[in-house]
Amino acid sequence: MNNQTAHHRIGVYPGTFDPVTKGHLHLIRRASKLVDHLIVAVAENARKSPTFSQQERLEMVRTDIANMREKHCVIDVLPYDNLLVTFAAEQKASCIFRGLRAVSDFDFEFQMTGMNARLDPDIETVFLMAADKWQFVSSSFVKEICSLGGDISEVVTPAVEARLKEKLGAGG
């Protein structure tokens with residue numbers, strides 16, 4: 001296993017990250033405590049018609065992670081555009097981290113976890129509950145608030161806020 005011990009745990013935290021929020025960063029920090037290597041997987045996800053290109057989203061996530069003060073393992077940010085379990089298996093991951101904000105997230109995540117378990121029973125799904133502070137933060141809300149001139153500085157980093165204002169023409 002090329003210089004890795006049998007206990008080297010790799011986890012994947014997938015998302016569209018359009019844009020990355022402080023809620024995402026909080027989950028990344030927490031997931032980094034549970035594995036030896038965390039891969040933040042940025043989905044192409046053209047069905048969601050993202051505001052930012054995959055390359056822009058990769059850059060924003062990488063910048064925010066580089067600026068994180070507290071990291072507990074190696075964190076890489078990689079693109080993916082195939083089945084999540086296929087990507088996770090290619091990365092030799094033993095688990096996929098998913099964030100849950102509210103009961104409304106649970107139904108979708110429950111179905112996806114069941115399907116992923118059928119596709120690859122060796123990859124576990126680990127749910128992390130969003131902290132109270134981030135329960136109501138979503139990328140969609142952040143974009144809408146920004147586009148209408150609202151203050152998003154509490155929920156995204158300054159770098160993401162600047163890029164969002166530039167992209168949405170929301171001034172600064």
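Observations on the structure shown:
- Residues of type lysines that residue 143 reaches as a straight line, Cα spacing below 21 Å, ignoring anything fewer than 8 places off in the same chain: 22, 48, 133, 165, 167
- Within the chain, helix-based [θ] at 222 nm, where runs of 4 or more DSSP H residues each add -39,500 (n - 2.57), nearest 500: -12000 deg cm²/dmol
- Calculated over segment 86-127: convex hull of Cα atoms, volume per residue (Å³): 58 Å³
- The relative contact order of segment 96-150 comes to 48 percent, based on Cα pairs under 8 Å that sit 6 or more residues apart.
- Residue of 98, 69, 47 that the Gaussian network model of the chain assigns the largest fluctuation, springs spanning Cα pairs under 10 Å: 47
- Treating r as the C-beta distance of residue 101 and residue 74 and R0 as 25 Å, the FRET efficiency rounds to 0.40.
- Kyte-Doolittle mean at least -1.0, axial Cα span of 20 Å or more - DSSP H helices of the chain: 103-119
- Labels on offer are (i) 22, 21, 17; (ii) 27, 17, 15; (iii) 46, 17, 13, and the one holding semi-axes √(5λ) of the Cα gyration tensor in Å computed from this structure is (ii).
- Selected from 122, 107, 81 as most flexible by GNM, with the chain as the system and alpha-carbon contacts under 10 Å: 107
The numbers here are math on the coordinates, done by the rules we state, and not lab data. Only a predicted model underlies this, so the values are computations on that prediction, with no experimental measurement involved. Backbone-built Cβ (ideal geometry, glycine too); neighbour counts: all protein chains shown.
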